[in-house]
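Participant: The following block contains the structure, expressed as structure tokens.
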Amino acid sequence: MVSRQPFLAHLHEDEMNSLVRVTQARRYSAGDQAVHEGDHDRTLFIIVKGSFDVILHGAAGAVPVATLTRGDIFGELSFFDSEPRSADVVARGPAEVLLLTPAGFDRLQLARPALALKVVLDLGRILAQRLRGINGRLATTDR
């Protein structure tokens, strides 16, 4: 199993400062909904403080499927494919995120193209880890 490494943990201080300049900070209280399933927003959320529950809705009702904490991200699917949000994401308590919009990412690409590439590659790493985790769970349920 691959060890979990926070999003962009390998960035140098000047790179992190450049990234922060193209994001916006947002705070949440317990129970605040950061993302609504079905919304058409492409913002990527980077958790700086606190934790969030990811909730899927199906025939069984609302089902919490993951808890995300500092260093995790959410919103990456819509960030890449422009499709509606696939889940609700709700703050478990006081929390803070950095919001990276497509426009902010475009500014980063123009100002620091190598850094923008690092962001995309790390998003790919996290998506691959999540997919491998799902594949592992599916493989054990098939047996």
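The values are calculated or read from the model by the stated rules, or taken from the named source; none is laboratory data. Being a predicted model, the structure only gives us computed values, none of them experimental. For neighbour counting, all protein chains shown are included, and Cβ atoms are generated from backbone atoms with ideal geometry for every residue, glycine included.
Participant: Return yes or no: is Ser51 more than 23 Å from Ala9 (Cα to Cα), touching a residue at least 24 places away in the same chain (Cβ under 8 Å), surrounded by fewer than 17 Cβ atoms within 10 Å (Cβ to Cβ) and not basic (Lys, Arg)?
Facilitator: Judged against the criteria, Ser51 is not a match.
Participant: If we keep just the residues of segment 52-70 that are hydrophobic (A, V, I, L, M, F, W, C) and in contact with a Ser or Thr (Cβ under 8 Å, 6 or more places away or on another chain), which is modelled with the lowest pLDDT?
Facilitator: Per the stated criteria, the residue is Leu56.
Participant: Let me ask something else. Quick one: how many residues across segment 1-42 are without any contact (Cβ under 8 Å) to a residue 24 or more places away in the chain and among the acidic types (Asp, Glu)?
Facilitator: Adding up the residues that qualify gives 2.
Participant: Does segment 2-11 include one or more residues that are on the phi < 0 side of the Ramachandran plot, surrounded by 15 or more Cβ atoms within 10 Å (Cβ to Cβ) and at pLDDT 95 or above?
Facilitator: No, the conditions are met nowhere in segment 2-11.
Participant: I've got another one for you. Among the residues of segment 99-122, which ones are under 18 Å from Thr43 (Cα atoms), hydrophobic (A, V, I, L, M, F, W, C) and free of Cβ contacts under 8 Å to residues at least 60 places away in the same chain?
Facilitator: Selection gives Ala103, Ala116, Leu117, Val120, Leu121.
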